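Since every read-out is calculated from the coordinates, none of them should be taken as a lab result. If you're wondering where the values come from, they're calculated on a predicted model, not measured in any experiment. Heads up, the Cβs are rebuilt from the backbone with ideal geometry, glycines too, and the neighbour counts pull from every protein chain shown.
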Amino acid sequence: MKFKKRYLFALLALIIGIALTAATYFAVGIYQKDNIAVITDAKIADRLVEKNKDVYNNQDETREQTIHVKVLDGPYKGKTFVEKNVYYPSQLVTQKYRAGDRIFVSIKKGKLALGNPKRDWVLVLVVTITVALMIALVGRHTIALVVSMALSWVIFYGVILLDVKLNGAYIILLFGAADIIFSFISLLIVQGFNKKMLVTWLATILGVFVSFLLCYIIMKLTGETEMQYETGDYATQDPRGIFLAQTLLGVLGAVMDEATDIVSSLYEVIKVKKDITPKELINSGRNMGQEIMGPLINVLLLIFIAEALPMTILYLRDNNSLSSAFGFTLSLGATQTVISAISIVITVVFATGCSLLLLRDQRGGKL
């Protein structure tokens, strides 16, 4: 795709996406269980009910909003309700509404119950910006990337449904198979079916399962001490199994990213320098791995810290010790981060080793 044409298509995608965002924002009557309403107040009346302080000196307030809500669809379309909304400024378990918000409401026997703000248009806007940027950066390959992501979502949804049906009986095998399918389909769509894709897939699978097996053996040898599975947000299934399934999925993303970078780079090196020796190729793979490992591990660590930060702050504010807060909010995530870090390191070896197959084929003229 030519340079100017790429940006023209990106602009077109942005315009279409903004139109879809507006259509989603104003959409009514398409939701099965809830109605849509809009807050008509130019400024919502908001009063202080009381100030709160707990035994740990945490301070909050109880506030009450008086809002006018106009229903936009359903049997009560056009009717305005006056509702009271009690909330806490911390908004941990309550919702503060703002003037002009479109919200979901349910109406039974003439009584209206307030729901969450209508945020689906925000998701459409985010997808629009993402797709427009992808078109601007990678051009026609955007189609393959979008299809790959869509199929991943479909497969993930199917795996979840199957897991629920089996009640978690084979969760490790199920998500292990999902890792294989996820990686194969993603690489197949993005790279096409060729030897580079197969080498990348092989390196990914080896990196995921060898590192997972290694960490599982270590966990068994140490008796899984300090592994507080009960602190996870798990429903009624085996928390240990879900933790291991989470780890399998979490490891896959980083490993596939790294394997793709290393194999693709070595593939280009082989094409340019056909007389490269195995030792030179190994050194090249090791050097690339050294450059990639640090940023990848730090990204995973920062994602984990960002996810656990709100709960960690809550535990510390409630006068828990650092060790208690770590045990209840950080221990499982930290373990997953360490396992992912081990996977990233091991994948350098597998990606480089598998690329030697490309070297042999390239020199033999079979590629």
Is there any pair with a first residue in the stretch 269-286 that is of a type in the set (A, V, I, L, M) and a second that is surrounded by 11 or more Cβ atoms within 10 Å (Cβ to Cβ) and assigned to a helix (DSSP H, G or I) whose Cβ atoms are under 6 Å apart and which are 6 or more apart or on different chains, and what are they?
Val269/Ser284; Ile270/Leu358; Ile270/Leu359; Ile270/Gln362; Leu281/Leu359; Ile282/Thr352
Considering only the stretch 41-63, I want to know if a residue exists there that is under 28 Å from Ile129 (Cβ atoms) and either touching a Gly at 6+ places or on another chain (Cβ under 8 Å) or crowded, with 16+ Cβ neighbours inside 10 Å (or both).
no
Scanning the stretch 77-107 for residues that are among the aromatic types (Phe, Trp, Tyr) and part of a loop (DSSP other than H, G, I, E, B), the one surrounded by the most Cβ atoms within 10 Å (Cβ to Cβ) turns out to be Tyr97
Hey, could you check the stretch 130-145 for residues that are in contact (Cβ under 8 Å) with a residue 60 or more places away in the chain and surrounded by 15 or more Cβ atoms within 10 Å (Cβ to Cβ) and say which is farthest from Gly74 (Cα to Cα)?
Gly139
Here's a check for you: in the stretch 294-311, which residue that is over 15 Å from the mean Cα position of the chain (by Cα) and surrounded by 18 or more Cβ atoms within 10 Å (Cβ to Cβ) is nearest to Glu258 (Cα to Cα)?
Leu296
Against the definition (among the small types (Gly, Ala, Ser) and in contact (Cβ under 8 Å) with a residue 40 or more places away in the chain), how does Ser331 come out, yes or no?
yes
Regarding the stretch 265-277, can at least one residue be identified that is out of contact with any strand residue (DSSP E or B) (no Cβ under 7 Å at 6 or more places or on another chain), at positive phi and not in a helix (DSSP H, G or I)?
no
Among the candidates Val269, Val349, Val255, Val263, residue that is surrounded by 14 or more Cβ atoms within 10 Å (Cβ to Cβ) and touching a Lys or Arg at 6+ places or on another chain (Cβ under 7 Å)
Val263
